[in-house]
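First up is the structure itself, then whatever we jot down about it.
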């Protein structure tokens, strides 16, 4: 009889421990953003204001790119996906971007239906040739960067580099990039 009682207590204790472990892992799982998937599309096609192209290379594999130009056509933003890696690139139109610590702060304002909806500051890293700014963390959750690009109609980006050059560009971003969050 004591063995049965011990076994029941042990079993109950194990259930509570298992429930606690599952709850902790569930909380950690919620903190991790939803993965982004490539939404396969027809190359050389527009999806709203986003142009989509796909290149294939024997060594690098498929490269998917969604891009749009600024209103004055002097700058561009693009999402580039190669294998499982995706990144955001921003060319602000400057021939040389000064950066003391290899990054520049970008102030971003997202608009929907002509109304300012969201302001965000983002630290963008600079390319080796000092002409392109970028970031790799695009995320898949509702307020993650790629979803913001897919959710809003217009984006203004202002950068101030280490030399004091201030550049502001406006992009019409209605439509969607080639990335979408994995559906649960």
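If the condition is being part of a strand (DSSP E or B) and surrounded by 13 or more Cβ atoms within 10 Å (Cβ to Cβ), then the range 56-76 contributes 62, 63, 64, 65, 66, 67, 68, 69, 70, 76. State whether the residues of the range 12-20 include one that is touching a helix residue (DSSP H, G or I) at 6+ places or on another chain (Cβ under 7 Å) and either at pLDDT 95 or above or farther than 30 Å from residue 128 by Cβ (or both). Looking through the range 12-20, none of the residues is touching a helix residue (DSSP H, G or I) at 6+ places or on another chain (Cβ under 7 Å) and either at pLDDT 95 or above or farther than 30 Å from residue 128 by Cβ (or both). Elements of the type strands (runs of 3 or more DSSP E) sitting completely within the range 115-184 and holding at least 3 residues that are farther than 17 Å from residue 85 by Cβ and touching a residue at least 60 places away in the same chain (Cβ under 8 Å): these cover 154-160, 166-172. Of all residues in the range 29-55, those satisfying the criterion of being in contact with a strand residue (DSSP E or B) (Cβ under 9 Å, 6 or more places away or on another chain), modelled with pLDDT under 90 and part of a loop (DSSP other than H, G, I, E, B) are 33, 34, 35, 39, 40, 41, 42, 43, 44.
The values are calculated or read from the model by the stated rules, or taken from the named source; none is laboratory data. This one's a predicted model, so the numbers in the text were calculated from it and none came from an experiment. Here the Cβ is made from the backbone with ideal geometry for all residues, glycine too, and neighbour counts use every protein chain on show.
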